[in-house]
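In what follows, a structure is listed as structure tokens, so that the remarks can point back to it.
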Amino acid sequence: MAENTTKNLNLEAVKLVVEKGRSVPSVALDLGIHEKTLYKWVSDYKKDSENAFPGSGRLKPQDELIRQLKRRVADLEEENAILKKGSGHLRKPPEVRYQFIDTHRFEFRVEKMCQVLEVSRSGYYSWRKRPKNERKKANERLLKEIKDSYNRSRGLYGVRKITKELNNKKKIKCGHNRVYRLMKENGIASKRPRRFKATTNSKHNYPVAENLLNQNFKVNQPNKVWVSDITYVPTDEGWLYFAAIIDLCHKKVVGWSMDSTMTKELVINALEQAVHRARPPKGVIHHSDRGSQYASHAYQTLLKKYGFIASMSRKGNCYDNACAEFFFSTLKNELIYQSHFKTREEARQAIFEYVEVFYNRIRLHSSLGYMSPCEYEQYLTKQLAA
């Protein structure tokens, strides 16, 4: 009632000016209102006539329409966001949809999620009140272990390796299909690898060794065959070159070196480190590509000093040193392509941690019976000692 009285007062005051031709100052003085207020009323009336004074807390028809449209747009945007994340649950049992709603209840409105996923709110709240059965509790515990294994692997492990780790290392009995279902329902997926391209500078006049390995990469004892190669890592300061030596038996990186230049000293330092750490006997086959660093007189002299038998890949055949290149492909997919290094030192520290902590000691290898290189090395030592 008061709003109608105010609206009528505004209209009558304006009509004295518009229809009766009186001046704004005189009308304002008679009614005891400020001139600026009356000027504004007159201006609003000329724009919207009878709709100029909707009343306190009310909107003009066009403003009300705009507000309704904004609400509708926001509603559709929320619905679209829910579908993006939960469309895969539409054909799932209600319990699975309830779980999705419960997981995202702080992100979206429960009412809207129930509407989009075609379940009732009462059904959802009833589901929340039910006591969890033993299977659900077991799945929650298993999911926690799956996430732990996934995070420890830097997001690299898929269903197969996580299942193996849970069964073999954590002694948690679970099947491949169960792990797959829990990972899929919770959006856990391994990072997909990119293709790796290797390059070698074999344009030099150094003598090259015969290919003794001949793509026979199966070795059943440590310190029988070592393979070596070089790769490069981009940083904002420029390239960081990384040389590695790998024992083909247990796949462990036994020696490595990093530098800002790709010279013979790079591979010499890697070999010196490998010899110091592994203490190999004489007669170990050392296989590399035909790069000038490996073919250099200094490096070949060092190989002879420690009793290595040199072997080199055929020209233009990357498969002859596939094991070393596979390691670098793994390094780039699992670390380099996932990172951006500002300095060489930053890259150096990341590669050191990846090789010495993760790759050698944690990362599972299917070819090693889902053991890490260090675990497999210890297993072989016990087997040989028995």
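Checked against (1) in contact with a helix residue (DSSP H, G or I) (Cβ under 6 Å, 6 or more places away or on another chain); (2) of a type outside the set (Phe, Trp, Tyr); (3) surrounded by fewer than 23 Cβ atoms within 10 Å (Cβ to Cβ), residue 250 meets all criteria but (3).
What are the residues in region 357-367 that are surrounded by 19 or more Cβ atoms within 10 Å (Cβ to Cβ) and touching a Lys or Arg at 6+ places or on another chain (Cβ under 8 Å), if any?
Initial filter on region 357-367 (surrounded by 19 or more Cβ atoms within 10 Å (Cβ to Cβ)): 359-360, 363-364.
Across region 357-367, the qualifying residues are 360, 364.
Among residues of region 338-363 that are among the basic types (Lys, Arg) and at pLDDT below 95, those with a beta-carbon under 6 Å from a residue that is in a helix (DSSP H, G or I) and surrounded by fewer than 19 Cβ atoms within 10 Å (Cβ to Cβ) at least six positions away or on a different chain give the pairs 361/374. Against the condition among the charged types (D, E, K, R) and over 28 Å from the mean Cα position of the chain (by Cα), how does residue 107 come out, does it pass? No, not satisfied.
Do we find a residue being more than 18 Å from residue 215 (Cβ to Cβ), surrounded by fewer than 18 Cβ atoms within 10 Å (Cβ to Cβ) and touching a residue at least 24 places away in the same chain (Cβ under 8 Å) anywhere in region 306-317?
Kept after step one, since they are more than 18 Å from residue 215 (Cβ to Cβ), are these residues of region 306-317: 306-308.
Remaining after also requiring surrounded by fewer than 18 Cβ atoms within 10 Å (Cβ to Cβ): 306-307.
If we keep only those that are touching a residue at least 24 places away in the same chain (Cβ under 8 Å) too, we end up with 306-307.
Checking region 306-317: at least one residue is more than 18 Å from residue 215 (Cβ to Cβ), surrounded by fewer than 18 Cβ atoms within 10 Å (Cβ to Cβ) and touching a residue at least 24 places away in the same chain (Cβ under 8 Å).
Can you confirm whether region 148-155 contains a residue that is farther than 30 Å from residue 74 by Cβ, of a type outside the set (S, T, N, Q) and assigned to a loop (DSSP other than H, G, I, E, B)? Scanning region 148-155 turns up at least one residue that is farther than 30 Å from residue 74 by Cβ, of a type outside the set (S, T, N, Q) and assigned to a loop (DSSP other than H, G, I, E, B). Which ranges mark the helices (runs of 4 or more DSSP H) fully within region 277-386 that have 2 or more residues being farther than 16 Å from residue 267 by Cα? In region 277-386, 322-334, 344-352, 373-385 are the helices (runs of 4 or more DSSP H) which contain 2 or more residues that are farther than 16 Å from residue 267 by Cα.
Residues in region 112-127 that are surrounded by 11 or more Cβ atoms within 10 Å (Cβ to Cβ) and part of a helix (DSSP H, G or I): 112, 113, 114, 115, 116, 121, 123, 124, 125, 126, 127. Taking first residues from region 38-54 that are at pLDDT below 75 and partners that are of a type in the set (Phe, Trp, Tyr), the Cβ contacts under 6 Å between residues at least 6 apart in sequence or on separate chains come to 52/45. Taking region 257-293 as the range and being in contact with an Asp or Glu (Cβ under 9 Å, 6 or more places away or on another chain) and surrounded by fewer than 16 Cβ atoms within 10 Å (Cβ to Cβ) as the test, only 260 passes. Which residues, taken from region 65-97, are out of contact with any Phe, Trp or Tyr (no Cβ under 9 Å at 6 or more places or on another chain), under 25 Å from residue 186 (Cα atoms) and among the hydrophobic types (A, V, I, L, M, F, W, C)? If the condition is that a residue be out of contact with any Phe, Trp or Tyr (no Cβ under 9 Å at 6 or more places or on another chain), under 25 Å from residue 186 (Cα atoms) and among the hydrophobic types (A, V, I, L, M, F, W, C), then 76, 83, 90, 96 are the ones that fit.
The values are calculated or read from the model by the stated rules, or taken from the named source; none is laboratory data. Everything numeric here is computed off the predicted structure, so don't read it as measured data. Every residue, glycine among them, receives a Cβ derived from its backbone with ideal geometry; neighbour counts consider all protein chains shown.
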